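Enquirer: Okay, here's the structure, questions in a sec.
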Amino acid sequence: MLVTGAVVLTVLLVIVVVGLSLAMQSQQTMQGPRTTRAPRVPKPPSPPRRIRERKAQPPAQDVPPPPADPSDADLLRSPEILRSGEEAQAKVISVVDERTIGPVTRSRLTVQIDPGDGEPFEVTTRVAFPTPESRAKVKVGGTVKVRYDKDDRTRVVVDIPAD
């Protein structure tokens, strides 16, 4: 009797499992197929960009002709203060090399300028030495030629002679 009860229980269990399986399948078909994402709709192409045409600038009328002497050409390309500033000798108080890129060394110089008509004053400025040789010429305690603005003594340019 025990064996018959086990067989009956097994058959009953199989029927329940099959019934549940069929019920789940029918429930899925009633819901319909699973939905997937809708395909992306491509964006319409953007209109081509317009390229602005630059208007030709009329040539400047007040530009002086290039000088025949090459030393004068250097003056025209140099800052205004090199052309119109007061020339003076300055004592180098300190030199700090900030950066070296290739042959160019950028340094921060503190110099004491004696204007001749007043009290000496100190100014710190940055200088880009074009070659290591030109940098080696500037030493603490030495002198360099500078030009400064009389009205604004913080504007100073060290006049580095060409090698």
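The values are calculated or read from the model by the stated rules, or taken from the named source; none is laboratory data. From a predicted model like this one, the values you see are computed outputs, not experimental measurements. Calculation scope for accessible area: heavy atoms of the full protein, side chains included, ligands and nucleic acids excluded. Shrake-Rupley method; radii C 1.70, N 1.55, O 1.52, S 1.80 Å.
Enquirer: How are the alpha carbon pair distances in the stretch 83-137 distributed across 5 Å bins from zero to the largest one, expressed in percent?
Expert: Over the stretch 83-137, the share of Cα pairs per 5 Å bin runs 4, 18, 23, 21, 17, 11, 4, 1, 0 percent.
Enquirer: Continuing with the same structure: Return the sequence-ordered ³J(HN,Hα) values of the stretch 136-146 in whole Hz as given by the Karplus equation 6.51 cos²θ - 1.76 cosθ + 1.60 applied to θ = phi - 60°, using x for Gly and Pro.
Expert: 5, 6, 9, 10, 4, x, x, 10, 9, 7, 10
Enquirer: Summarise the accessible area of the stretch 76-163 (1.4 Å probe, protein heavy atoms) by the percent that is carbon and sulfur. Write out the running numbers ahead of the final one.
Expert: Numbers: 2620 of 5480 Å².
Ligands and nucleic acids excluded, carbon and sulfur reach 48 percent.
Enquirer: Could you give each residue of the stretch 120-127 its phi-based ³J(HN,Hα) in whole Hz, using Karplus coefficients 6.51, -1.76, 1.60 with θ = phi - 60°, and x for Gly or Pro?
Expert: Going residue by residue, I get x, 9, 9, 9, 10, 9, 9, 9 Hz, with x marking Gly and Pro.
Enquirer: Using a 1.4 Å probe on the protein heavy atoms only, what accessible surface does Val104 show? Give it in Å² to the nearest 10.
Expert: 60 Å²
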